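To keep things clear, I will list the structure first and then write my remarks on it.
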Amino acid sequence: MNLLQLSWKNILHKPTSTLLSLVLFALGVGLVSLLMLVNRQLEEKFEKNLAGIDMVIGAKGSPLQLILSSMYHIDAPTGNVAIADVKAFLNPKHPVIGMAVPLSLGDNYRSYRIVGTTFDFFDLYKAQLAQGRRWEAVFEVVIGAAVADALALKTGDTFHSSHGFVVDENLEHTDASAFKVVGILQPTGAVVDQLILTSPQSIWGVHEHGEQSHEHEAFDLSKPLTDYEGESITSVLIQFKARNAMTLNMPRNINENTNMQAATPAWEINRLYAILGDSALALQVLALIIIAVSGLSVFLSLYASLRDRRYELALMRVMGASRGKLFALILLEGFLLAAVGCVIGLALSHAGMGVFARALESSYRYSFTGALFLKEEIWLVLAALGVGLLAAFIPAVQARNTDISQTLAEG
Amino acid sequence: MLQTKELTYSYDGKNTLVFPDIDCGKGEHWLLLGQSGSGKTTLLHLLGGLLSPATGSIIVAGDNIATKRAAALDRFRGRHIGIIFQKSHFVRALTLEENLVLAQQLAGAPIDRGRVEELLGHLNLSHKLREKPDNLSMGEQQRAAIARALLNRPDVILADEPTSALDDVNCQEVIDLLEREATATGATLLVVTHDGRLKARFPRQVLLTHYQSSL
């Protein structure tokens, strides 16, 4: 039996205080790790979907809402803007705008959002076709990899869209033409995986079929969007050619001089981080306090056990153990408690993240995973083991300094 | 085998205990008698290397343990000296068998489960092999402590009041065992006691009177 086994048996010999220390360690480590996992994956989603977009133009309202709905597809859009109003930005010869991607939102198919846009959208998210082709006619759609997976859609399949973003049979556009899947995208890890893409003309076609008898003739993909001055879209994603004084002032100009708003993704996301950051920080502080308390619990339980064990510690010395061995024995007990607590905590946080991921996916259409291990978690484990060793240090010194003669003479 | 010369011990730097010289030959059984407070336990701890003397020498199996330092002394004690205390203590998280194996390991001796089983068989404890020490009776615990002290075939066995907590029957049994097993391993046995019941059994005796002196 080596020292490790002996300290393990000593830990198991006092199950209640061991359980308390383990639960506290697991709770603290698990909470910190869970926060790290959520934080990292959220940041990744946000970064990945920034896609080099410098500005978003849409209807007036909350700029954060505009960014969330047009770039992350998680909130409702702020409203619509007329093609006539955004015509200038969609002009391919615009002096400072490199790319302008129109978006028409508002419909879904079984809670997957349908986005009316142009082929620039593919370039924006570097989306490649896995099979099929891009749309060539009205009512043809290209679907993201996750959509194809979840709904088991193949090229050639058709479906009717629903109005809004929630599944509601009453809102289904049953009398409009059905959408036809003509292409499926490769997975990108970005939000485009969760979207159904089509031309803005298709969206208009669905909504205006009642007013016009021949909607197919009314919307023609060969004509530029700017020809449809009477129609409206939700927003325009804009990439500048280069950043300069003019592009810096453009959002303010739009906000002050038009009935539209321009939002800068970087600012809005930073604002969002600031809001989330405070609550994340509070949780993180709480978790660190729990880890500190678990260290205290290890300290107290070892310290108390020394009183009960002073005879057996003295006895081990009589049997030939050196002072160093007793020191190492107690230190190992603290270390083991921390290590086992860590393993339980990490297992809980990753399993918890796995469960949480499913809930997030069904409500936000974003994929998260619990099967992700971060470099920061190594630091977390090292820190927790350090707390365990630190907590055991004073009891270990006490064990080392046991006066064997005096202890044994007492009893 | 066990020899002391001009041994003194100072417990607070002022008061000094002076002990008579002892000379126990190999395989001999001795009784060290003295009233409470006469320094019996102190002497036993000195002989066992649990305390360091102020002056004098303690020769165990040819080595002067009074001059040995910390870790070397711990190791020497584990290999050459077996000690039985008035109240026996064990590592409570371990079974009886594990406690004895631990005693072999801490002494740096090879693990010999056969020896453990043989010894516990001698002491009628074979059926308690997998029991935790807390589940043993007082008499069983004392026999187990004897087994542990004898385990590494020490040159010297020191027993501190091994019978004072036992009734006449158990006292007889324990001292029989002690003498029998010490003889079997050829160890020198020194029993420290104030228990008058043992006087008749040990022809070789040292009497410890109040040897305390102030400097």
| field | Enumeration of residues in segment B:94-109 that are open to solvent by 10 Å² or more (accessible area, probe 1.4 Å), farther than 10 Å from B:Asn152 by Cβ and not hydroxyl-bearing (Ser, Thr, Tyr) | value | B:Glu97, B:Glu98, B:Gln105
| said: Give me the helices (runs of 4 or more DSSP H) completely within segment A:313-411, filtered to those with at least 1 residues that are under 20 Å from A:Leu35 (Cα atoms), ordered by residue number. | reply: A:323-364, A:375-400
| task | Among the residues of segment A:188-204, write down those that are touching a helix residue (DSSP H, G or I) at 6+ places or on another chain (Cβ under 8 Å) and among the β-branched types (Val, Ile, Thr). | result | A:Thr188, A:Val191, A:Val192, A:Ile196
| remark: Those residues of segment B:125-144 that are open to solvent by 30 Å² or more (accessible area, probe 1.4 Å) and modelled with pLDDT under 85 come to a total of 1
| said: So for segment A:323-333 (the condition being closer than 28 Å to A:Ala391 by Cα, away from chain B (no Cβ under 14 Å), out of contact with any Cys (no Cβ under 7 Å at 6 or more places or on another chain) and buried (at least 18 other Cβ atoms within 10 Å of the Cβ)), does at least one residue qualify? | reply: yes
| said: Among the residues that make up segment B:43-56, is at least one of them open to solvent by 60 Å² or more (accessible area, probe 1.4 Å) and within 11 Å of chain A (Cβ to nearest Cβ)? | reply: yes
| field | Matching residues in segment A:334-349 - criterion: being open to solvent by 20 Å² or more (accessible area, probe 1.4 Å) and not aromatic (Phe, Trp, Tyr) | value | A:Leu336, A:Ala339, A:Val340, A:Val343, A:Ile344, A:Leu346, A:Ala347, A:Leu348
| request: Report, by residue number, each residue of segment B:1-42 that is surrounded by fewer than 14 Cβ atoms within 10 Å (Cβ to Cβ) and among the charged types (D, E, K, R). | output: B:Glu6, B:Asp12, B:Lys14, B:Asp21, B:Asp23, B:Lys26
| Verdict on B:Glu117 being closer than 21 Å to A:Arg309 by Cα, more than 9 Å from chain A (Cβ to nearest Cβ) and out of contact with any strand residue (DSSP E or B) (no Cβ under 8 Å at 6 or more places or on another chain) | no
| Say we look at segment B:164-184 and pick out the residues that are part of a loop (DSSP other than H, G, I, E, B) and either within 14 Å of chain A (Cβ to nearest Cβ) or not acidic (Asp, Glu) (or both); which of these is farthest from B:Ser38 (Cα to Cα)? | B:Leu166
| said: Being away from chain B (no Cβ under 14 Å) and open to solvent by less than 70 Å² (accessible area, probe 1.4 Å): is that true of A:Gly320 here? | reply: no
| query | open to solvent by 10 Å² or more (accessible area, probe 1.4 Å), at pLDDT 90 or above and in a helix (DSSP H, G or I) - does that describe any residue in segment A:105-119? | reply | no
| task | Inspect segment B:6-20 for any residue being under 18 Å from the mean Cα position of the chain (by Cα), of a type in the set (D, E, K, R), assigned to a loop (DSSP other than H, G, I, E, B) and closer than 28 Å to B:Thr209 by Cα and give the result as yes or no. | result | no
| Identify, please: which residue in segment A:158-180 is in a loop (DSSP other than H, G, I, E, B) and under 31 Å from the mean Cα position of the chain (by Cα) and is, among those, surrounded by the fewest Cβ atoms within 10 Å (Cβ to Cβ)? | A:Val166
| Would you say A:Glu268 is within 14 Å of chain B (Cβ to nearest Cβ) and either in a helix (DSSP H, G or I) or over 30 Å from B:Leu51 (Cβ atoms) (or both)? | no
| task | Mind checking which helices (runs of 4 or more DSSP H) fall wholly inside segment B:60-157 and carry at least 3 residues that are in contact with a Ser or Thr (Cβ under 8 Å, 6 or more places away or on another chain) and under 26 Å from A:Trp8 (Cα atoms)? | result | B:70-80, B:138-150
| Given A:Lys325, A:Lys241, which one is touching a strand residue (DSSP E or B) at 6+ places or on another chain (Cβ under 8 Å), touching a residue at least 12 places away in the same chain (Cβ under 8 Å) and of a type in the set (D, E, K, R)? | A:Lys241
| Among the residues of segment A:82-94 satisfying the criterion of being open to solvent by 30 Å² or more (accessible area, probe 1.4 Å), assigned to a loop (DSSP other than H, G, I, E, B) and free of Cβ contacts under 8 Å to residues at least 40 places away in the same chain, which is farthest from A:Ser161 (Cα to Cα)? | A:Lys93
| message | Which pairs turn up if I take residues in segment A:117-144 that are on the phi > 0 side of the Ramachandran plot and look for partners that are of a type in the set (D, E, K, R) with beta carbon separation below 8 Å, at least 6 apart in sequence or on another chain? | response | A:Phe139/A:Lys180
| request: Determine whether segment A:207-225 contains at least one residue that is more than 22 Å from A:Ala176 (Cβ to Cβ) and at pLDDT below 85. | output: yes
| said: For the list (1) within 12 Å of chain A (Cβ to nearest Cβ); (2) within 18 Å of B:Thr185 (Cβ to Cβ); (3) surrounded by 19 or more Cβ atoms within 10 Å (Cβ to Cβ); (4) modelled with pLDDT under 90, I need the number of the one condition that B:His89 fails. | reply: (2)
| said: Would you confirm whether or not segment A:295-310 contains a residue that is assigned to a helix (DSSP H, G or I), within 33 Å of the chain's Cα centre (by Cα) and within 13 Å of A:Val29 (Cβ to Cβ)? | reply: yes
| field | Residues (away from chain B (no Cβ under 14 Å) and within 17 Å of A:Asn2 (Cβ to Cβ)) located in segment A:335-364 | value | A:Phe335, A:Ala339
| said: Consider segment A:47-63. How many of its residues are crowded, with 18+ Cβ neighbours inside 10 Å and outside any loop (DSSP other than H, G, I, E, B)? | reply: 7
| said: Take the conditions within 14 Å of chain A (Cβ to nearest Cβ), surrounded by fewer than 22 Cβ atoms within 10 Å (Cβ to Cβ) and farther than 22 Å from B:Ala93 by Cα and apply them to B:Glu161. Does it pass? | reply: yes
| Leading residue by the ranking (modelled with the highest pLDDT) among those in segment B:57-81 that are facing another protein chain (nearest Cβ under 9 Å) and either closer than 19 Å to B:Ile146 by Cβ or buried (at least 24 other Cβ atoms within 10 Å of the Cβ) (or both) | B:Ile81
| Residue selected from segment A:64-81 under the condition assigned to a loop (DSSP other than H, G, I, E, B) and over 13 Å from A:Ile233 (Cβ atoms), by the criterion least open to solvent (accessible area, probe 1.4 Å) | A:His73
| query | Within segment B:163-177, is there a residue that is modelled with pLDDT of 90 or more, of a type outside the set (Lys, Arg) and out of contact with any Phe, Trp or Tyr (no Cβ under 7 Å at 6 or more places or on another chain)? | reply | no
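The values are calculated or read from the model by the stated rules, or taken from the named source; none is laboratory data. Since we're looking at a predicted model, the values are computed, not measured. Cβ coordinates were reconstructed from backbone atoms using ideal geometry, including for glycine residues, and neighbour counts include every protein chain displayed. The protein model used for the area step is the full one, side chains on, heavy atoms only, and it has no ligands, DNA or RNA in it. Shrake-Rupley method; radii C 1.70, N 1.55, O 1.52, S 1.80 Å.
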